[in-house]
Ligand SMILES: Cc1cc2nc3c(=O)[nH]c(=O)nc-3n(C[C@H](O)[C@H](O)[C@H](O)COP(=O)(O)OP(=O)(O)OC[C@H]3O[C@@H](n4cnc5c(N)ncnc54)[C@H](O)[C@@H]3O)c2cc1C
């Protein structure tokens, strides 16, 4: 059995000796992402706490922390394309999928051969996700799916999706949903990009018009999808929260991490502002915020919404600081200045971070109910059959 010290040395050797050669001649973000993940998989570092028969390493949970420390700041930014698969979907398939599904999905996902997206939100169902109306009907050996999803990050790159669809409209809304795996590359799935104010189009509308998936591509059990959805959301809140920090040292316009405080300190120094007492006070407070995220992550066991909420708060505070120092008196920036472009991206992007994975208000509700044990929000339609809930939205 490998010791933590030996393992840490292996991780260090991978980043120092193996990875630079692998990435040397690879151009293009997706190709680099796949090359990096493939190398990580081949080195036995891609699925530390996954069973060996499904492509993992079968190590205990402490090794993840060892990896994070040895890999801090060295992960290529292109890894973010795998955030949904690696960070959210694969752990749910590992914990709740059938052996067949695990054998089909886990090695492909861990090795970066399959890119995932998440088909949860709909035009009429975001925070109230359980009101979703995309439907799936069994037809022989296949499920047939019809409906529309929206804000689907990375759907344009995705090979496969984790999908929530209604399978029993006669049951109350939380009890008639199933979680599926949907192959994305089929003619009845249409992906349309949505342009964001950052200039990127990283999320999409997805239309399913009698799209098909095999009968056994169900995660968990039919009509038990809400439990799976909540399990995945917990992983999502870790992924978009505490796990997003300390991954890369590059000034990248990808990923979800707040601007690191060391960059903000450099920025203030470059602008001759480091002796300004207000700037110093803000930097100290941002530094404390960054350390808190690290502590929440390293301690483990906190409710995932706490880290997610703290991360988005830190992301906004860091971006507001950058805006004040980098573009004083102006909301504009010079596009051909790479550094200013990086700060401008974060100023615009940090707002969306408060929404993706559940809004700040929803995190606060969840912390109130689940972590503090406060009374639940009133939910008048909780026990009413879905198809009897009064629908005021068009198309229902
Ligand atoms: C960058 C980004 C990436 C995303 N990626 C994905 C993705 O890959 N897949 C996916 O399925 N979805 C994705 N989403 C969608 C995201 O999950 C939803 O935007 C989010 O859940 C909120 O839903 P909504 O936009 O419909 O807002 P609504 O639910 O309509 O909320 C509107 C406002 O009302 C507030 N509100 C609603 N209900 C309550 C309540 N009970 N108590 C207090 N306040 C409340 C909200 O906090 C919000 O301020 C993404 C969103 C963003 C911004």
Which one of 161, 136 is assigned by TED's automatic domain parsing to the domain that holds residue 193, under 16 Å from residue 206 (Cβ atoms) and within 13 Å of the ligand (Cβ to nearest atom)?
-> 161
So which of 106, 23 is farther than 18 Å from residue 238 by Cβ and either surrounded by fewer than 20 Cβ atoms within 10 Å (Cβ to Cβ) or in contact (Cβ under 8 Å) with a residue 60 or more places away in the chain (or both)?
-> 23
Return the only residue of 118, 196, 186 being surrounded by fewer than 21 Cβ atoms within 10 Å (Cβ to Cβ) and within 10 Å of the ligand (Cβ to nearest atom).
-> 196
Test residue 105 against the stated conditions and say whether it is assigned to a helix (DSSP H, G or I), away from the ligand (no atom under 12 Å from the Cβ) and over 18 Å from residue 223 (Cα atoms).
-> yes
Name the residue, out of 223, 275, that is in contact with a helix residue (DSSP H, G or I) (Cβ under 8 Å, 6 or more places away or on another chain) and free of Cβ contacts under 8 Å to residues at least 60 places away in the same chain.
-> 223
Contacts under 6 angstrom Cβ, first residue in the stretch 109-130 being closer than 16 Å to residue 231 by Cβ and touching a residue at least 12 places away in the same chain (Cβ under 8 Å), partner away from the ligand (no atom under 12 Å from the Cβ) and part of a strand (DSSP E or B), 6 or more apart | 116/160
Within the stretch 121-133, how many residues turn out to be within 6 Å of the ligand (Cβ to nearest atom) and buried (at least 19 other Cβ atoms within 10 Å of the Cβ)?
-> 1
Is it the case that some residue within the stretch 68-85 is within 16 Å of the ligand (Cβ to nearest atom), closer than 18 Å to residue 231 by Cβ, out of contact with any strand residue (DSSP E or B) (no Cβ under 7 Å at 6 or more places or on another chain) and assigned to a helix (DSSP H, G or I)?
-> yes
What number of residues in the stretch 139-153 are over 22 Å from the mean Cα position of the chain (by Cα) and within 13 Å of the ligand (Cβ to nearest atom)?
-> 1
Just checking, how many residues over the stretch 369-382 are modelled with pLDDT of 95 or more and near the ligand (Cβ under 10 Å from one of its atoms)?
-> 0
Residue 289 being modelled with pLDDT of 90 or more, surrounded by 18 or more Cβ atoms within 10 Å (Cβ to Cβ) and not in a helix (DSSP H, G or I) | no
Evaluate the following for residue 229: is it surrounded by 15 or more Cβ atoms within 10 Å (Cβ to Cβ), part of a loop (DSSP other than H, G, I, E, B), within 13 Å of the ligand (Cβ to nearest atom) and on the phi < 0 side of the Ramachandran plot?
-> no
Taking only the stretch 23-35 into account, find how many residues are closer than 12 Å to residue 112 by Cβ and touching a helix residue (DSSP H, G or I) at 6+ places or on another chain (Cβ under 6 Å).
-> 3
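The values are calculated or read from the model by the stated rules, or taken from the named source; none is laboratory data. Just so it is clear, the structure is predicted and the values come from calculations on it, not from any experiment. We place every Cβ from the backbone using ideal geometry, glycine too, and count neighbours over all the protein chains shown.
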